[in-house]
């Protein structure tokens, strides 16, 4: 099974992001994220044997942290705006979010999952770029938006998700939620 951990996005913020996706979808031919899949990844795990799922859940249960505020705002391009592979909404949060990502990575490392080599950059993936079809129009649509604030919430937990390819893209299933106290 293909797994990752993430902070889930509440319905009201997801709703505002969904409105944005509906506005932008006709502008550019990108692989747009499904609204129900929107999240803030804390650790990409990758392939993991199903018979070791309980072991992974046990180490993730030990991750500690306090709830923290998260604000979703702005746009960006990975790896850069000149040769983008993804469009994302920005995430503003205190150091508690990168600390959660580090702690999640350390917990995963305890069961043999490789630590991240790249610096953590929290974001919400809105679309993946496979061709440049419509990117100029999308850049213009982004530039004329007066506001790019999608709301905030208190992150009180993180979750373990499974990702499975299906017709029309990936389907994410929340397997287990872990409280931040």
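Given the rule -39500 (n - 2.57) for each run of at least 4 DSSP H residues, summed and divided by the residues of the chain, what is its mean residue ellipticity at 222 nm, to the nearest 500 deg cm²/dmol?
The per-residue figure over the chain is -8000 deg cm²/dmol.
Mind telling me which of 160, 20, 38 comes out most flexible in a GNM of the chain, alpha-carbon contacts under 10 Å?
Judging by the Gaussian network model, the answer is 20.
Under a point spin-label approximation (7 Å from Cα along Cα-to-Cβ), what is the residue 61-residue 31 distance to one decimal in nm?
3.5 nm
Rounded to two decimal places and with Rh computed the Kirkwood way over Cα pairs, what is Rg over Rh for the stretch 1-136?
Values: Rg = 16.2 Å, Rh = 16.3 Å.
A ratio of 0.99.
If a/c stays under 1.5 just call it rounded; otherwise compare a/b with b/c (prolate if a/b is bigger, oblate if not). Do that for the stretch 82-148, with a ≥ b ≥ c from the square roots of the Cα gyration tensor eigenvalues.
Oblate is the answer for the stretch 82-148, as a/c is 1.5 or above yet b/c matches or exceeds a/b.
Can you give the relative contact order of the chain as a percent, counting alpha carbon pairs under 8 Å and 6+ residues apart?
For the chain, the relative contact order is 34 percent.
Report the gain in length on full extension from residue 71 to residue 143: 0.36 nm times residue separation, minus Cα-Cα distance, nm rounded to one decimal.
Net length gain for the segment: 23.9 nm.
Once you place label points 7 Å from the Cα toward the Cβ at residue 54 and residue 181, how far apart are they in nm?
Label-label distance for residue 54 and residue 181, simple model: 2.3 nm.
I'd like the distance separating the alpha-carbon centroids of the stretch 48-84 and the stretch 120-150, in whole Å.
Computed from Cα coordinates, the inter-centre distance equals 21 Å.
Set the Förster radius R0 to 22 Å, insert the Cβ-Cβ distance between residue 132 and residue 164 as r into 1/(1 + (r/R0)^6), and round the FRET efficiency to 0.05.
Approximately 0.15, to the nearest 0.05.
Could you check which residue among 143, 127, 96 shows the biggest mean-square fluctuation in a GNM of the chain with a 10 Å Cα cutoff?
143
Between residue 156 and residue 16, what FRET efficiency follows from the Cβ-Cβ distance if R0 is 25 Å, with the result rounded to 0.05?
So, using R0 = 25 Å, E works out to roughly 0.80.
Could you work out which residue, out of 84, 167, 49, moves most in a Gaussian network model of the chain, that is, has the largest mean-square fluctuation with Cα springs under 10 Å?
167
Just so you know, all these numbers are worked out from the coordinates, no wet-lab data involved. Remember, predicted model here, so these are calculated numbers, not experimental data. Glycine gets a Cβ as well: all are built from the backbone with ideal geometry, and neighbour counts include every protein chain shown.
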